[in-house]
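Structure record follows, encoded as structure tokens.
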């Protein structure tokens, strides 16, 4: 049975337990950073940062809005990156959980193609091994009946893991409640992804790639037709 | 905390002021959000919009150091609009007590002030007593000297206009907060106040908290589930280390350290044991002599006898009024009066205000023993930037400390939960735990004294100290033993048995206990209760997130203090849905009640505020150094030239030192330093950052010193987001990256714009290019009751850096 | 599928247990090779407590071959439910950090470097310093002629980092030397 993770950003305090917990579990090496005038650091996802809490602040009239978005792979139900991959066994989808996994064979794949195929701009490359890197839903932990590390770390009730059907139900119920205070609240691409975000405001106010705007996720067929290229350009320009 | 973390989930209103709970006590917010999900309003009042504000129902910015004005306005609002819980106020607080005629308040000063000594004669604030020694009361509340009327008169001046002008909070926002929070004044509603160092670290710190106490008493919020006044304490075991009194003025268990004028144990006990003539008042501190004698027995063992005052004369004694806290330690060190010492798990060269002074003071030591896990700004002070190691004559002993998972023992969280942690591995390398360090140093010192004698050898040698450090055995010693066979009531206890609880501690030397509040936490029947992991609850306990069998809480496993104030005089809960205790069929159920006495209206019933001499919550509290009721004073450094509340600009009793050229303060409204600076820690680094800067993922998330400022100030100063700026005060300069953010707003104070900036104090020079101590800017002044320094408000200016050296 | 630590492990009274994993009811498929093993499999699990703020989050420390290989939150701790903030989540790295001080280090007056010393040498020298200072500066009576029995020239600062048991030993030790300049983080 496929699994899903519900990320309720209205409960996120950006404590970054998930960001650090993920990194610790994965034993990723440190990334040198600088203070650039924001709490968001590292500035972007990277090969050693597959979970990143994004911060965005807005002043609306007299009200400050500060949004937190724990970004990572959405584990698409029908992953366009898998469709874009030309390396057999490089990108696999675990039948038991639905987790989308990049194996070491992705070293032979083309970053730009794969990243361009992703509506959420997730994939990155390890400069040393050339392997493509992103969140693997902590498949090792799930198989051992443990929670994914980000979900485990979250004490705020902002992350829940479970059967897709249950998680969808939970997400819908929470949306209902949140909408009373925040009418613009929505669930992002809930039918297409396993990592289901609830945001209280327009998704773009959280993060440029919070939601997939194109007919998404792309099917293998549309990918083969080369429809993913505009997305790739978008990702590239954003990467700057 | 009067209550505890999981209890926050029971609140109908969560009022966070003087705290940034989501960032500095991240996990506490789990319970704030649980309360919010159930419909609670979450109010955040703080100078900057933080991650706490982001998840609160609303945030209200206020100028740092004006909390008393803000809260005084709330007290007035509650009284004017009769929002208080009338029965609670009448029955459980001292609202009806008559204040004596010698009390007065005039233009910022209470009666009894001695300007030369900067001290009050507190006897002038005493209550009026009748011929039997009982405090006079007027339960009709008509008498003008009734506490409630004195209180109303005092806060009459705190109207919306003046409070708004001083705090910078709009009148609309003031009313919004007052209304939302005062709604908890109903019997079935509860409001909790969460505060932290944002309240204590002011020259009026204690009075900030006093005023929260007053508000909570008016609203009937003490003792109830989801209520109380809850200090989110900063450090891993700062609750326990306070209980065990690593503080000059106390000995373990909240007893004053002896002073020279209490020449004998009898004199000490007399001076420190409050007396009440009211039979309904429990006056718990009347038990103090039992705890003192048991402590002395714990320390001196068989040597301690009634004949030798249980060893009392061997205790070091202070002179009356002598202050030996940080502020004065570094002042005396700077002046060369202090020669050597110990610093364990502490980084004052980074974390103490006016750190330029502190760093120079530490240079002057002859010797220093430091126990640490990582090198930090204190261990390596001698090689700090700009210092010449050759000139530093200090001999330094750096002892490698075991880290948490390498040792076992108990810590006490903010909610007083006494919890055991196990040793996962042996300490790495040659690390040792700090208990062993003390034991081993003392063993060597004692051997020297035993062999060679010296100054008062008995003081060193008569103490019973362990030969080796065994945490479990110490837990037992802290709980305490019977020192001989005794019979108490019908029950017999054998020598060496654990004392089942502090009600059984004795004054005759038949019991020992190293800290009475923990007595009852380790029993013959159940062993070490700090190890309990049982999550079972009764349905009543489950309703209020009470886990009575998980670990143990002092006192006597009571989870909510003053819980007798959660029921009416017949023992019925004010809010049956969230009952903490209830009197059912002749006994209490729920939490462990504040004493076994039946409800107040019944025969043998007692008042609920058992720790107060008169048994009542103190709206008017004549015990503090700086007044029986809080009054707004400006911080020691203020952008104002006039305090609109009175002619008294700053706290008349605030503590100051003058031992160095760094002990300087700006004149009021100094045009050279027009910006208010507030300082704080952060989620990703802990306190001075000396540990967490070594966590790669943490340093990556927060790598460098920053200064948060409003876009308006940035524009005024020609600073862009990400620029390096120099922030300067009268005492020092600090480089920081500008974080220009809408989360900081300029204030309008007395018709003028006042800017505020905020800086974390986690970045120090031992981690290259991350910046250095923001405390080089802050000043050496302290609260008159606690001498806690004023970290949260001082004056600075800033400019774009033309040269960068620290980042 | 109910996922919790309690779902697959029961704590023993000693606070430590051995992990043996059974992968029940999950079709591993092609991901099996990818997730070849769980790093904490076969490790000892010990309950500890985060050493930072006073939330006191209980932690599970996983130990293999005498080394800490993982630290995560303890779901049985009612306050946290198993969560940890960024600091708590970094505990493994901090414990195993190469920056840890692991040997007694001595810095001589005027020196520009640390020198390794053995524990005994350090303890002897510290004891000697303490005794010298105490014997030199001990105050039996104050200016008013009242007994004070104190040592003013030596101070102690810290530590809320210690356990209650360590605090009790520390307080007693310091008072037994006559110290009055005693303070710690409760004030700062």
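The values are calculated or read from the model by the stated rules, or taken from the named source; none is laboratory data. All values derive from a computational prediction rather than experimental measurement. Every residue, glycine as well, gets a Cβ built from its backbone with ideal geometry; the counts of neighbours run over all protein chains shown.
Quick notes
- Residue check, residue C:143 more than 7 Å from chain B (Cβ to nearest Cβ), out of contact with any strand residue (DSSP E or B) (no Cβ under 7 Å at 6 or more places or on another chain) and surrounded by fewer than 24 Cβ atoms within 10 Å (Cβ to Cβ): yes
- Conditions (1) within 26 Å of residue B:698 (Cα to Cα); (2) at pLDDT below 95; number of the one not met by residue C:34: (1)
- Scope the range B:729-754; condition surrounded by 22 or more Cβ atoms within 10 Å (Cβ to Cβ), in contact with a strand residue (DSSP E or B) (Cβ under 8 Å, 6 or more places away or on another chain) and more than 14 Å from chain A (Cβ to nearest Cβ); matching residues: B:729
- Single match in B:152, B:75 (criterion: in contact (Cβ under 8 Å) with a residue 24 or more places away in the chain, surrounded by fewer than 23 Cβ atoms within 10 Å (Cβ to Cβ) and assigned to a helix (DSSP H, G or I)): B:152
- Hits in the range A:41-53 - residues which are within 23 Å of residue B:770 (Cβ to Cβ) and surrounded by fewer than 22 Cβ atoms within 10 Å (Cβ to Cβ): A:42, A:43, A:44, A:46, A:48
- Selection count where residues are outside any loop (DSSP other than H, G, I, E, B) and free of Cβ contacts under 8 Å to residues at least 24 places away in the same chain, scope the range B:487-502: 5
- Of the helices (runs of 4 or more DSSP H) lying entirely inside the range B:166-278, those containing at least 3 residues that are over 26 Å from the mean Cα position of the chain (by Cα) and farther than 23 Å from residue B:418 by Cα are B:171-182, B:265-272.
- Among the criteria (1) more than 7 Å from every other protein chain (Cβ to nearest Cβ); (2) in contact (Cβ under 8 Å) with a residue 24 or more places away in the chain; (3) surrounded by fewer than 23 Cβ atoms within 10 Å (Cβ to Cβ); (4) in contact with a helix residue (DSSP H, G or I) (Cβ under 9 Å, 6 or more places away or on another chain), the one residue B:713 does not fulfil is (4).
- Test: residue in the range B:79-93 that is under 25 Å from the mean Cα position of the chain (by Cα) and more than 14 Å from chain C (Cβ to nearest Cβ): yes
- Qualifying residue in the range B:353-371 (condition: part of a loop (DSSP other than H, G, I, E, B) and within 7 Å of chain C (Cβ to nearest Cβ)): no
- The single residue among B:64, B:28 that is within 14 Å of chain C (Cβ to nearest Cβ) and either part of a helix (DSSP H, G or I) or within 22 Å of the chain's Cα centre (by Cα) (or both) turns out to be B:28.
- Members of the range B:374-402 that are within 7 Å of chain C (Cβ to nearest Cβ) and in a strand (DSSP E or B): B:374, B:395, B:396, B:397, B:398, B:399, B:400
- Residue tally, condition crowded, with 24+ Cβ neighbours inside 10 Å and touching a strand residue (DSSP E or B) at 6+ places or on another chain (Cβ under 6 Å), over the range B:692-710: 5
A quick yes/no check of all residues on (1) more than 30 Å from residue B:23 (Cα to Cα); (2) at pLDDT 95 or above; (3) surrounded by 22 or more Cβ atoms within 10 Å (Cβ to Cβ); (4) not assigned by TED's automatic domain parsing to the domain that holds residue A:50:
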site: A:102; (1), (2), (3), (4): yes, yes, yes, yes
site: A:113; (1), (2), (3), (4): yes, yes, no, yes
site: A:118; (1), (2), (3), (4): yes, yes, yes, yes
site: A:128; (1), (2), (3), (4): yes, yes, no, yes
site: A:131; (1), (2), (3), (4): yes, yes, no, yes
site: A:172; (1), (2), (3), (4): no, yes, no, no
site: A:180; (1), (2), (3), (4): no, yes, no, no
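- Test: residue in the range C:111-131 that is farther than 27 Å from residue B:383 by Cβ and more than 25 Å from the chain's Cα centre (by Cα): yes
- Boolean, residue B:275 is closer than 21 Å to residue C:174 by Cα and away from every other protein chain (no Cβ under 14 Å): no
- Residue match in the range B:507-524 (condition: surrounded by fewer than 20 Cβ atoms within 10 Å (Cβ to Cβ), under 30 Å from the mean Cα position of the chain (by Cα) and over 30 Å from residue C:135 (Cβ atoms)): yes
- Evaluation of residue B:771 against (1) surrounded by 24 or more Cβ atoms within 10 Å (Cβ to Cβ); (2) more than 30 Å from the chain's Cα centre (by Cα); (3) in a loop (DSSP other than H, G, I, E, B) (one fails), failing number: (2)
- When residue B:585 is tested against (1) at positive phi; (2) in contact with a helix residue (DSSP H, G or I) (Cβ under 8 Å, 6 or more places away or on another chain); (3) surrounded by fewer than 21 Cβ atoms within 10 Å (Cβ to Cβ), only condition (2) is not met.
- Qualifying residue in the range A:18-40 (condition: within 7 Å of another protein chain (Cβ to nearest Cβ), crowded, with 19+ Cβ neighbours inside 10 Å, free of Cβ contacts under 8 Å to residues at least 12 places away in the same chain and assigned to a strand (DSSP E or B)): no
- Of all the numbered requirements in (1) more than 7 Å from every other protein chain (Cβ to nearest Cβ); (2) in contact with a helix residue (DSSP H, G or I) (Cβ under 9 Å, 6 or more places away or on another chain); (3) part of a loop (DSSP other than H, G, I, E, B); (4) modelled with pLDDT of 95 or more, residue B:484 misses one, and that requirement is (2).
Listed here are the residues, each with its yes/no results for (1) crowded, with 24+ Cβ neighbours inside 10 Å; (2) part of a loop (DSSP other than H, G, I, E, B); (3) at pLDDT 95 or above; (4) in contact with a strand residue (DSSP E or B) (Cβ under 8 Å, 6 or more places away or on another chain).
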position	(1), (2), (3), (4)
B:14	yes, no, yes, yes
B:56	yes, yes, yes, yes
B:88	yes, no, yes, no
B:91	no, no, yes, no
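- For the range B:314-345, a tally of residues being outside any loop (DSSP other than H, G, I, E, B), in contact (Cβ under 8 Å) with a residue 60 or more places away in the chain and facing another protein chain (nearest Cβ under 7 Å) returns 4.
- Residue list for the range C:109-120, filter: within 7 Å of chain B (Cβ to nearest Cβ) and closer than 20 Å to residue B:444 by Cβ: C:119
- Unmet requirement for residue B:472, which otherwise passes all of (1) within 7 Å of another protein chain (Cβ to nearest Cβ); (2) part of a helix (DSSP H, G or I): (1)
- Selected residue [in a loop (DSSP other than H, G, I, E, B), surrounded by 18 or more Cβ atoms within 10 Å (Cβ to Cβ), facing chain B (nearest Cβ under 7 Å) and in contact with a strand residue (DSSP E or B) (Cβ under 7 Å, 6 or more places away or on another chain)] from C:180, C:148, C:154, C:188: C:188
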